[in-house]
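Below you'll find the structure, written out as structure tokens, and then a few comments.
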Amino acid sequence: MQYLLSVIHDQRELAPSDEMAAIDEFNDRLQADGHWVFAGGLGFPDTATVIDNRGAAPVVTDGPFVETKEFLAGFWIIEAPDLDAALKLAAEGSKACNRKVEVRPFL
Amino acid sequence: MNGSDVGDAVNRAYRAEWGRLVAVLARRFGDLDLAEDAAAEAFAAAVERWPSDGVPANPGAWLTTTAKRKAIDRLRRESKRAGKHQEAQVLFDDQPPEPLGAVEDERLRLIFTCCHPALAMPARVALTLRMLGGLTVADIARAFLIQESAAAQRITRAKTKIKAARIPYRVPSEEDFRERVSGVLAVLYLIFNEGYLSTGVGSDPVRSELTDEAIRLTRLAHALMPDDGETAGLLALMLFTEARRATRLSATGELITLEEQDRGSWNAALITEGRALMRARLATGQKPGPYQLLAAINAVHTSARDVRDTDWSQILDLYDMLTCLDPSPVIALNRAVAVAEVDGPVVALAAVDRLAEDLAGYHAYYATRAELLRRLDRHAEARLAYDEAIELAGNSAEAATLKRRRDLLAS
């Protein structure tokens, strides 16, 4: 079972080096324990571009699809047997990156 | 056996077996929806067959076998409909019914799944009452004064989340156990409190169907986790509170306060049972948690034959211990009531006034303040405090009592 762990943040600053070190350590552990699928940090929402090609021609819009105070700062995709295991990993991840984390199952 | 005897037998079996049946089926088929439907179909079959075939010697075993067959039938139909035509061979069960010990474990799994912290509190409450308690969606809607469609949706969404997010069907590991049990107890206590002091406009002030159900489920939780102190403590707390139920409402529908209740009419059997639970906890020598301390406070109240015999200094000690574990403003407010008896209303009022900001809008804050002001003969201020408490009281009987007490003030 795969889960998306979304890192939620509301400040415009990058993680300081001690947080980056904690994240690296957490990532190493995910890999060593076989939970790792993929992970990445994202650019700020104002670097986003939305494209809508449902109509006759693609429409390009500057900015994120929804303006909110909180935004997606990064994510992990993990492999876990059930929600309890995923929540445990998400708790560690939240501590490591010092941000809130949303846990959501893949279909 | 006549028709009504059979009806009684079905009802008895429903009360005794529903939760167990759902739990066993959920374990076997890994699907709460299927478990709920198959359990309901088994009871429908009992209603149809028992009048002509007679009530089986072991109704639980009959229901389990029937429900498993219904579940397998349903899975077969669904797999045919899906065009897969796979025989649900793996699902056949030639095993005899599980021994009782193993079955009880299944209900414990069900409790922890229904009360999982990933579910919102109203969903946990509804799911627990439906799956474990066997209340219908209509019962739950009535109990919480919501539309039946809203109650149904709460349950459906919770089941969907359990399946999609794969909330496990198991007893939590030792490291999570304590925290998860307190989540379960919070659900049971909420059900009890909603019955004990109903908040709905126009609802009965005390709804025994909810307090009864909460006690029944907490008894079950205690039977499944006999060594857990807080489960025992919550059960004792409910029993002491329930013991006073008959004396809590006057003929005119007013709530009667503890000091005014007819102590001779308290239910002695429930008090004895609660005391036995407390004694067993004391014998373990383990430190009591919040529910055990609340139960102990109630035990002190129930052991006073007359309100004047109440050992308030012991109650205050217990509140001090409780404050260490849970420094919440509501606990501080209740502690102030004991302070009034030990150190007098002036000291108590000072303590209550410090809570003004935290408890603004909480009716009990104004009611407690009103009582203290009345005792200090500050009648004009007491009247204002009563007015605010009456305005905010969600419970009709409580509002009636507050009005009477306000109207007794000299103007």
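Can you tell me which residues in the stretch B:384-411 are hydrophobic (A, V, I, L, M, F, W, C), surrounded by fewer than 19 Cβ atoms within 10 Å (Cβ to Cβ) and more than 30 Å from the chain's Cα centre (by Cα)?
B:L384, B:L408, B:L409, B:A410
Mind checking whether some residue in the stretch B:226-248 is more than 21 Å from the chain's Cα centre (by Cα) and not aliphatic (A, V, I, L, M)? Explain how you work it out, then say what you get.
Taking the stretch B:226-248 as the starting set, the residues that turn out to be more than 21 Å from the chain's Cα centre (by Cα) are none.
Taking every residue of the stretch B:226-248 in turn, none turns out to be more than 21 Å from the chain's Cα centre (by Cα) and not aliphatic (A, V, I, L, M).
Filter the stretch B:159-180 for residues that are more than 10 Å from every other protein chain (Cβ to nearest Cβ), of a type in the set (K, R) and touching a helix residue (DSSP H, G or I) at 6+ places or on another chain (Cβ under 6 Å) and give the result.
Initial filter on the stretch B:159-180 (more than 10 Å from every other protein chain (Cβ to nearest Cβ)): B:159-160, B:171, B:174, B:177-179.
From what is left, the residues that are of a type in the set (K, R) are B:159, B:178.
Result: B:K159, single match.
Return only the number of the condition from (1) touching a helix residue (DSSP H, G or I) at 6+ places or on another chain (Cβ under 9 Å); (2) loosely packed, with under 12 Cβ neighbours inside 10 Å that A:F71 does not satisfy.
(2)
Residue under question is A:A15, and the condition is that it be of a type in the set (A, V, I, L, M, F, W, C) and in contact with a helix residue (DSSP H, G or I) (Cβ under 7 Å, 6 or more places away or on another chain); does it hold?
For A:A15, the condition - of a type in the set (A, V, I, L, M, F, W, C) and in contact with a helix residue (DSSP H, G or I) (Cβ under 7 Å, 6 or more places away or on another chain) - is met.
Is it the case, given these coordinates, that B:G183 is away from chain A (no Cβ under 14 Å) and either in contact with a helix residue (DSSP H, G or I) (Cβ under 6 Å, 6 or more places away or on another chain) or not aliphatic (A, V, I, L, M) (or both)?
Here the answer is no, as B:G183 does not meet what is asked.
Given the residues A:A91, A:A48, A:A21, A:A15, which is the only one that is hydrophobic (A, V, I, L, M, F, W, C) and modelled with pLDDT of 95 or more?
Checking each option against the conditions leaves just A:A91.
Write out, first by first residue and then by second, each pair whose Cβ atoms fall under 8 Å of each other, whose residues are 6+ apart or on separate chains, and whose first residue, in the stretch B:275-290, is surrounded by fewer than 17 Cβ atoms within 10 Å (Cβ to Cβ) while the second is assigned to a helix (DSSP H, G or I).
Going by the 8 Å Cβ cut-off, the qualifying pairs are B:A280/B:A232; B:T284/B:G229; B:Q286/B:G229.
Are there strands (runs of 3 or more DSSP E) fully within chain A with at least 2 residues that are within 14 Å of another protein chain (Cβ to nearest Cβ) and under 30 Å from B:F177 (Cα atoms)? List them.
Answer list for chain A: A:2-9, A:71-79, A:100-105.
Could you list all residues from the stretch B:360-383 that are surrounded by fewer than 19 Cβ atoms within 10 Å (Cβ to Cβ) and not hydroxyl-bearing (S, T, Y)?
B:A360, B:G361, B:A364, B:R375, B:L376, B:D377, B:R378, B:H379, B:A380, B:E381, B:R383 - these are the residues of the stretch B:360-383 that are surrounded by fewer than 19 Cβ atoms within 10 Å (Cβ to Cβ) and not hydroxyl-bearing (S, T, Y).
The values are calculated or read from the model by the stated rules, or taken from the named source; none is laboratory data. Source: prediction; values computed, not measured. Please note: Cβ atoms are built from the backbone with ideal geometry, for glycine as well, and neighbour counts cover all protein chains shown.
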